[in-house]
Amino acid sequence: MLIRVEIPIDAPGIDALLRRTFESDGEANLIHDLREDGQITLGLVATDDEGQVVGYVAFSPVCVEGEELQWVGLAPLAVDEGWRGQGIGRQLVYEGLDSLNEFGYAAVVTLGDPKLYSRLGFEPAAKYDLHCRWPDTQQAFQLHKLAEDALDGVHGLVEYSDHFNRL
């Protein structure tokens, strides 16, 4: 298995993975639209020995109270059913966090399973007076600081791209 930055030839494999992994086509359509609009900050794939995409994670820009602060949102994270339980999701997330840190990004937010993401170093965003626009997400909306000063004077609404509103 190899984890690397996505390249254009991976798009059909990513699309197929997302359509197999999620209950609806929403995530596949989201990634297509983000890619078309140049809004994927970082996309990583896990591929098997034949080069087939078996895992994927994407990071895209977010704003806090309308301000761009070098923050990104992690979504979606997908691992093919036959490859789950091998730590691929964790490796994808860690590789993404390391790369984003090297690129100078300050923080990553995500909306997902608190048990999973807390094991990956994420904390409840509400702890820092941060929230997203979707109701009843206080526990699921989480944050991972990449820079020590990422939260200095920062609080309020974290806004994803409008593409996320179509999910």
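See the values below:
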| quantity | calculated |
| --- | --- |
| Lone qualifier among VAL108, VAL79 - being closer than 25 Å to MET1 by Cβ, aliphatic (A, V, I, L, M), out of contact with any His (no Cβ under 9 Å at 6 or more places or on another chain) and touching a residue at least 12 places away in the same chain (Cβ under 8 Å) | VAL79 |
| Matching residues, the range 130-167, being part of a helix (DSSP H, G or I) and touching a residue at least 60 places away in the same chain (Cβ under 8 Å) | HIS163, PHE164, ARG166 |
| From GLY82, GLY104, GLY38, residue being over 14 Å from the mean Cα position of the chain (by Cα), part of a helix (DSSP H, G or I) and surrounded by fewer than 17 Cβ atoms within 10 Å (Cβ to Cβ) | GLY82 |
| Evaluation of ARG84 against (1) in contact with an Asp or Glu (Cβ under 9 Å, 6 or more places away or on another chain); (2) under 20 Å from ALA46 (Cα atoms); (3) among the basic types (Lys, Arg) (one fails), failing number | (1) |
| Single condition GLY73 does not satisfy, out of (1) in a helix (DSSP H, G or I); (2) touching a residue at least 60 places away in the same chain (Cβ under 8 Å); (3) within 13 Å of PHE164 (Cα to Cα) | (1) |
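Listed here are the residues, each with its yes/no results for (1) among the aliphatic types (A, V, I, L, M); (2) open to solvent by 30 Å² or more (accessible area, probe 1.4 Å); (3) assigned to a loop (DSSP other than H, G, I, E, B); (4) without any contact (Cβ under 8 Å) to a residue 12 or more places away in the chain.
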position	(1), (2), (3), (4)
ILE9	yes, yes, no, yes
ILE14	yes, no, no, no
ARG20	no, yes, no, no
ALA46	yes, no, no, no
GLY55	no, no, no, no
VAL62	yes, no, no, no
LEU69	yes, yes, no, no
SER99	no, no, no, no
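The values are calculated or read from the model by the stated rules, or taken from the named source; none is laboratory data. None of the values given here were measured: they were computed from a predicted structure. With ideal geometry, Cβ positions are generated from the backbone for all residues, glycine too; neighbour counts draw on all protein chains shown. Calculation scope for accessible area: heavy atoms of the full protein, side chains included, ligands and nucleic acids excluded. Shrake-Rupley method; radii C 1.70, N 1.55, O 1.52, S 1.80 Å.
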